[in-house]
Amino acid sequence: MSSVPITKNGAELLRAELHQLKTVERRAVIEAIAEARSHGDLSENAEYDAAKEKQSFIEGRIAELEGLLSSAQIIDPSQIDADGRVVFGSTVELEDLENEQKVTYQIVGVDEADLKQSKVSYTSPIARAMIGKSVGDVIMVQAPSGVREYEVMDVKYI
């Protein structure tokens, strides 16, 4: 199995979710199943069906998280020395050359990408355009509205 890059922070969040599922959620669903069983006939028991479905989801997510963490290549951005180049884990400030708006993105793993938190997957078009670039370089990104040009303003490893 190949390793999947993930930031140190992303791995910690996955571990916390796994711990929550194993210690809290799993126990709660077992109690819900036991409660539903005590109501009698299981063939027409909606509470039982819902609890079993939730249990299935929880167990699936636990297996998924364990698989992700076992194949993860954990990268600590603060330990990177890339001579100012954009690499996985970098936080990059860009300026849109058309409207002079500045945006900041961190390049992260697929499972931790969240545009609302300005975290983009290393497989995204904008991340692929940024990787290997340095301050002052101009990148072109194919967006739904057409090709956008950005200048790399700053690269941080935090």
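So in region 77-156, what percent of DSSP beta bridges are antiparallel if you round to the nearest 5?
Antiparallel: roughly 85 percent of the beta bridges in region 77-156.
Using the basic label-point model (7 angstrom from Cα toward the beta carbon), what is the Glu12 to Arg128 distance in nanometres?
The two pseudo-label positions are separated by 3.1 nm.
Averaged over all directions, how much area does the convex hull of the C-alpha atoms of region 119-158 cover when projected, in nm²?
3.1 nm²
For a Förster distance of 25 Å, can you work out the FRET efficiency between the beta-carbons of Arg37 and Arg61, rounded to the nearest 0.05?
Rounded to the nearest 0.05, the efficiency is 0.60.
Enumerate by residue number the GluC sites (Glu not before Pro) in region 77-158 meeting two conditions: DSSP loop (anything except H, G, I, E, B), and at most 13 other Cβ atoms within 10 Å of the site's Cβ.
Passing both the DSSP loop test and the Cβ count: Glu98, Glu100.
Could you compute how fast the chain diffuses translationally, taking Rh as the Kirkwood radius over C-alpha pairs and applying Stokes-Einstein at 4 °C with viscosity 1.567 mPa s? Give it in µm² per second.
D = 71 µm²/s.
Which value, in debye to the nearest 20, gives the size of the charge dipole of region 4-75 about its Cα centre, when Lys and Arg are +1 and Asp and Glu are -1 at the Cβ?
It works out to roughly 420 debye.
Mean separation of Cα pairs under 8 Å and 6+ residues apart, divided by the residue count of the chain: what relative contact order is that in percent? Don't jump to the answer; show the numbers that get you there.
Numbers: 241 pairs, mean separation 37.8, N = 158.
So the answer I get is 24 percent.
Counting residues in region 4-75 as N, plug N into 2.2 N^0.38 Å and put the Cα Rg over that result. If you can, show how the numbers build up before the last one.
Working: Rg = 15.8 Å, N = 72, 2.2 N^0.38 = 11.2 Å.
Here the Cα radius of gyration is 1.41 times the empirical estimate.
Based on the alpha-carbon set only, what is the convex hull volume of region 77-156 divided per residue, in Å³?
86 Å³
Since every read-out is calculated from the coordinates, none of them should be taken as a lab result. Because the structure is a prediction, the values reported are computed rather than measured. All Cβ positions, even for glycine, are placed from backbone atoms using ideal geometry, and neighbour counts span all protein chains on display.
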